[in-house]
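The values are calculated or read from the model by the stated rules, or taken from the named source; none is laboratory data. Every value quoted in this text rests on a predicted model; they were computed, and no experiment measured them. Here the Cβ positions follow ideal geometry from the backbone for every residue, glycine too, while neighbour counts run over all protein chains shown. Each accessible area value is taken on the protein alone, full model and side chains, heavy atoms only, with ligands, DNA and RNA left out. Shrake-Rupley method; radii C 1.70, N 1.55, O 1.52, S 1.80 Å.
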Amino acid sequence: MKAAVLHNVGDDKLDVRDDVTTTAVGAGKVRIRIKATGVCHSDLSAMNGTIPVAVPAVLGHEGAGEIVEVGAGVTSLAEGDHVVVCWSPQCGACKECVNGQPQLCMAYMINAFSDAHFMFDGTTPTFGMAGAGTFAEEVILLEQGAVKIDPDIPYDIASLLGCGVMTGVGAAINAGKIEPGSSVVVFGCGGVGISVIQGARIAGAATILAVDMVEAKLGWAKQFGATHAVTPDQLPDALRELTGGSGFDYAFEVVGRSQTIKAAYSATRRGGTTVVVGVGRAEDMVELSAFDLFYDEKNLRGTYYGSANIRRDFPRLLALWRSGQLDLERMITRRLALDDINDAFGALSAGDVIRQVITFD
Ligand code: APR
Ligand code: ZN
Ligand code: ZN
């Protein structure tokens, strides 16, 4: 089958090849025919070493498809089920899962770096990014990593839930816990940032300021619920105008850089909340004033996978989509084939798109 392989961290292109196979579907696992997969900035971050990945690897982690085979012992899924791929499965039984932070479940983390469920060239074991690897016609996945959805939901819409939309809306609602009537600033308006903006709108924020250096993103941000949108150089004026200089109730960093984390922290009002959504490099240190941390009493927190409880939140997101409150259709700015994956990375780097979705039929 066809899949897009990263041979070495640092390569600037994926190798789309026809000789990729999967391992047999083992106990507790399922085989999924991928129907749609979004292209997320984290795929680029795996290529350039920001996010750790075992190589060679089939990249892609934001997908949806149909179950075509179930392994021994699988009870919750059957052939023909439509599913969203979850790159961070939740076991439901560990301390984190039962204490209300299932997004931090580590039960299957080792699987992602030890279970090479692809092969190319007939001989070379190949990993799947984060245990998934949706830039492929088929993947083998743990049962816990596939969340069943209603069959009438289009696969391209469903694929977005798997990463960007869950991460962004979850950041706003689960991590930020945005209150109605509040003021919000969002740094970075890609697929994840636009999802934060939608989450803020759904939560009832009165003011939503979008910040991005790409002009086209500012117009898009307003279409999805931003009440104001500026380039970074215009931020000081906007902050004065919208908050009287005191700062926003909530600030979201959706880029993944120390510089924007500091900017988000600075733009947060005393006692407000700064949420780090973007994934930065391990060695990119954020310098904050020890006195300010005390004196300003801001809440600075990260959010992993939108702090999601996937079996609660995927249905919630779909209910919001069905009711017209979560716009997923317009987030898909480009559809393409797996053969065009490297072109997709070019468009993503240039900021030309919100989300690109690869379809397989
Ligand atoms: N200030 C404001 N916006 C910026 C800056 C900056 N200094 N640098 C980059 N941006 C904007 C880009 O112009 C782009 O619109 O951030 C946006 C990032 O969007 P995408 O590249 O589409 O990335 P996305 O898939 O949304 O992911 C964002 O979240 O999940 C993580 O790993 C992911 O760190 C990444 C982040
Ligand atoms: Zn768990
Ligand atoms: Zn992602």
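Computed values, structure above
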{"read-out": "Residue in region 153-174 that is farthest from the chain's Cα centre (by Cα), counting only those that are open to solvent by 10 Å² or more (accessible area, probe 1.4 Å) and over 19 Å from residue 254 (Cβ atoms)", "value": "154"}
{"read-out": "Out of 88, 76, sole residue that is within 16 Å of ligand 2 (Cβ to nearest atom), touching a helix residue (DSSP H, G or I) at 6+ places or on another chain (Cβ under 7 Å), farther than 20 Å from residue 174 by Cα and assigned by TED's automatic domain parsing to the domain that holds residue 40", "value": "76"}
{"read-out": "Only one of 330, 281 that is more than 16 Å from ligand 2 (Cβ to nearest atom) and over 19 Å from residue 157 (Cβ atoms)", "value": "281"}
{"read-out": "Subset of region 123-139 [open to solvent by 50 Å² or more (accessible area, probe 1.4 Å) and in contact with an Asp or Glu (Cβ under 7 Å, 6 or more places away or on another chain)]", "value": "none"}
{"read-out": "Pair list, Cβ under 6 Å, 6 or more apart: region 183-207 residue at positive phi, other residue crowded, with 24+ Cβ neighbours inside 10 Å", "value": "188/254; 188/255"}
{"read-out": "Only one of 118, 113 that is in the same structural domain as residue 66 (by TED's automatic domain parsing) and crowded, with 24+ Cβ neighbours inside 10 Å", "value": "118"}
{"read-out": "Some residue of region 92-103 being closer than 19 Å to residue 30 by Cβ, within 15 Å of ligand 2 (Cβ to nearest atom) and either in the same structural domain as residue 337 (by TED's automatic domain parsing) or not in a loop (DSSP other than H, G, I, E, B) (or both)", "value": "yes"}
{"read-out": "Filter pass, residue 299 being without any contact (Cβ under 8 Å) to a residue 40 or more places away in the chain and over 16 Å from the mean Cα position of the chain (by Cα)", "value": "yes"}
{"read-out": "Residue 107 being within 16 Å of ligand 2 (Cβ to nearest atom), outside any strand (DSSP E or B) and modelled with pLDDT under 95", "value": "yes"}
{"read-out": "Matching residues in region 47-62 - criterion: being surrounded by 24 or more Cβ atoms within 10 Å (Cβ to Cβ) and near ligand 3 (Cβ under 10 Å from one of its atoms)", "value": "60, 61, 62"}
{"read-out": "Candidate set from region 63-83 (those that are crowded, with 20+ Cβ neighbours inside 10 Å and among the β-branched types (Val, Ile, Thr)); member that is nearest to the chain's Cα centre (by Cα)", "value": "83"}
{"read-out": "Residues that are of a type in the set (D, E, K, R), out of contact with any His (no Cβ under 8 Å at 6 or more places or on another chain) and closer than 27 Å to residue 316 by Cβ, drawn from region 120-157", "value": "143, 152, 156"}
{"read-out": "Restricting region 27-52 to residues that are over 23 Å from residue 193 (Cβ atoms) and β-branched (Val, Ile, Thr), the residue that is farthest from ligand 1 (Cβ to nearest atom)", "value": "30"}
{"read-out": "Long-range neighbours under 7 Å by Cβ, at least six apart or interchain, first residue assigned by TED's automatic domain parsing to the domain that holds residue 259 and closer than 28 Å to residue 53 by Cβ within region 281-293, second in a loop (DSSP other than H, G, I, E, B) and open to solvent by less than 80 Å² (accessible area, probe 1.4 Å)", "value": "281/50"}
{"read-out": "Helices (runs of 4 or more DSSP H) (entirely within region 275-361) containing at least 3 residues that are open to solvent by 30 Å² or more (accessible area, probe 1.4 Å) and among the charged types (D, E, K, R)", "value": "310-322"}
{"read-out": "Selection count, region 89-108, where residues are hydrophobic (A, V, I, L, M, F, W, C) and within 16 Å of ligand 3 (Cβ to nearest atom)", "value": "0"}
